[in-house]
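**Student:** I'd like to ask you about the structure that follows.
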Amino acid sequence: MSRSFRPQRTWFLVGIFIVNALLVLLLTTEPIRSWIPTDSRGIVVSFRENSFVLGLIGAFTGFSVGRLFLPDSVVLGRSSARHPKAVGRVLIAPACAAQVSGYLTGILGALAMVGFERGSEVVLPILAVCLGLLGLTVWGFLIGSTLRSNVGIFAVVIIVLILVYAPLVVNSYVLPDSSVSARALGMVWAINEPSADLTFSYLAEMTRALFYLMILIVGLFLFVVLFRAKGARRSGIEYSAAAMMAAAIVTISGIGVLIVPQPFVKDGSAIPCESSGKVEVCQYPVYQPLVPTVASIGHQFSEVIPGIISAMPVTEYDESAVPIPRPYGSEQAWTRATSQSFADFLSGVTVCFNKRDSGVEVSEESLLRSFDLSEELIRRTGLEGEGQSRHDSDFSKYLSSMSAQEFSRWFDENANNIRACAISE
């Protein structure tokens, strides 16, 4: 069998390796092509979020290999004359090895592009994703070598959808607002975390790896059982194996959901701060390339109002610092949002809304004046914000009528009222 199949196997395995390596490299470097800075975590998140595409290709690879093992295969001959171990050694193992080699080559190439920054944190997540993809390949082989009709193609798609998205569906519709989470078991999480202030949970990734390993082993076990069963015994063994598989998956899934409440944890890395003139900016290490932009915005506000201006990421809430929005969308949109965040914080709009959210009564007049002041700050700095212009109010006209020196002096004299959401003329 090995000699008859080797000529096809060599080219087939080389093709599997090249396709997977190039595809993984293309998909996982998507964050690098974005304007938003990233590190190894972003690469692996992209690897995880593209599991469906990679898993579908892997499953159909296994399916095509499995078709060679059908009784009427002209390549291998009747399957009843073949031992499952021989099939695993000649067909399944080489195909899986070629896939894993492709995955690792692609992911290592992507990690090299970010200098392997925080690379030690992504070893276990990469292992978990690879095991999940291998499990899909084995199940594709199982379907291809079992179902003789073309219905098997649809069965492959269904299996991939279930294994990739079932935990996410359960988390969204069965366990919403619950203290437990099934997301950790999913191959796709439909979120771009962890990043910046979050990192991978080793407990969650270990659980994922064990879960996918179990799926892989169950697929191999079913293959062995189904092809060693003959005659009337086959039907009973099929049902017994299926029941055992279902019980194993439900048990491991339940344990995983209970012991892994969150799929990621808070990152304990220190947040570096940089000071320049009257502006201090604190930002996560991964977003350090964005600090000059934030500092430039802060400098423009510091030229309009007196005092020191501090800024921190919005996820590290501090009442004394401007909340810096997380990077999103286009760079222009994020820059506008950051400028608006500076204006809203310095004008007291942020304080007003925080008070309202905590149940403190805030007068509508004070809130509207804070909005007017925010718009005036944007106008005087020459920046582009996200707010709606309200230059028809008397207070807005009053602010815009001041000279630069008068406005700075007025802001200094009313600083306490601004911070208390109690602006008065």
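The values are calculated or read from the model by the stated rules, or taken from the named source; none is laboratory data. Bear in mind that the values here come from a model prediction, so they are computed numbers and not experimental data. No Cβ is skipped: glycine too gets one built from the backbone with ideal geometry, and neighbour counts run over all protein chains shown. Ligands, DNA and RNA are stripped out before the accessible areas are found, and what is left, the full protein with its side chains, is counted by its heavy atoms. Shrake-Rupley method; radii C 1.70, N 1.55, O 1.52, S 1.80 Å.
**Student:** Residues that are charged (D, E, K, R) and closer than 23 Å to residue 35 by Cβ: find the helices (runs of 4 or more DSSP H) completely inside region 282-382 holding 2 or more of those.
**Tutor:** Answer list for region 282-382: 331-347.
**Student:** Further question: Residue check: is residue 348 open to solvent by less than 40 Å² (accessible area, probe 1.4 Å) and either at pLDDT 90 or above or of a type in the set (D, E, K, R) (or both)?
**Tutor:** Numbers: open to solvent by less than 40 Å² (accessible area, probe 1.4 Å): yes; either at pLDDT 90 or above or of a type in the set (D, E, K, R) (or both): yes.
Yes.
**Student:** Sticking with this structure for a sec: What residue, of 356, 326, 336, is among the basic types (Lys, Arg), more than 31 Å from the chain's Cα centre (by Cα) and open to solvent by 10 Å² or more (accessible area, probe 1.4 Å)?
**Tutor:** Result of the check over 356, 326, 336: 356.
**Student:** What pairs come out if I take residues in region 198-219 that are within 21 Å of residue 137 (Cβ to Cβ) and free of Cβ contacts under 8 Å to residues at least 40 places away in the same chain and pair them with residues that are open to solvent by 10 Å² or more (accessible area, probe 1.4 Å) and in a helix (DSSP H, G or I) whose C-beta lies under 8 Å away, six or more apart or interchain?
**Tutor:** Between residues of region 198-219 that are within 21 Å of residue 137 (Cβ to Cβ) and free of Cβ contacts under 8 Å to residues at least 40 places away in the same chain and residues that are open to solvent by 10 Å² or more (accessible area, probe 1.4 Å) and in a helix (DSSP H, G or I), the close pairs are 214/248; 214/249; 214/252; 218/245; 218/248; 218/249.
**Student:** Which pairs have Cβ atoms under 8 Å, sit 6 or more apart or on different chains, and link a residue in region 292-309 that is on the phi > 0 side of the Ramachandran plot to one that is in a helix (DSSP H, G or I) and open to solvent by 60 Å² or more (accessible area, probe 1.4 Å)?
**Tutor:** Once the first residue is on the phi > 0 side of the Ramachandran plot and sits in region 292-309, its partners that are in a helix (DSSP H, G or I) and open to solvent by 60 Å² or more (accessible area, probe 1.4 Å) give 307/412.
**Student:** Looking at region 195-218 only, could you name the residues that are closer than 17 Å to residue 120 by Cα, part of a helix (DSSP H, G or I) and open to solvent by less than 10 Å² (accessible area, probe 1.4 Å)?
**Tutor:** 204, 205, 209
**Student:** Scan region 366-389 and give yes if some residue there is surrounded by 11 or more Cβ atoms within 10 Å (Cβ to Cβ), more than 30 Å from residue 292 (Cα to Cα) and without any contact (Cβ under 8 Å) to a residue 40 or more places away in the chain, otherwise no.
**Tutor:** yes
**Student:** Collect the residues in region 124-160 that are part of a helix (DSSP H, G or I) and among the polar types (S, T, N, Q), keeping them in residue-number order.
**Tutor:** Within region 124-160, just 137 meets the criteria.
**Student:** Could you give every pair whose Cβ atoms fall below 7 Å, whose first residue belongs to region 257-269 and is within 17 Å of residue 209 (Cβ to Cβ) and in a helix (DSSP H, G or I), and whose second residue is of a type outside the set (A, V, I, L, M, F, W, C) and at pLDDT 80 or above, counting only separations of at least 6 or pairs across chains?
**Tutor:** 259/207
**Student:** Being on the phi > 0 side of the Ramachandran plot and within 20 Å of the chain's Cα centre (by Cα), is that true of even one residue in region 131-141?
**Tutor:** Looking for residues that are on the phi > 0 side of the Ramachandran plot and within 20 Å of the chain's Cα centre (by Cα), one finds none in region 131-141, hence no.
**Student:** Here is a follow-up. Check 143, 159, 153, 126 and return the single one that is in contact (Cβ under 8 Å) with a residue 40 or more places away in the chain, open to solvent by 10 Å² or more (accessible area, probe 1.4 Å), within 14 Å of residue 52 (Cα to Cα) and β-branched (Val, Ile, Thr).
**Tutor:** Answer to the check: 159.
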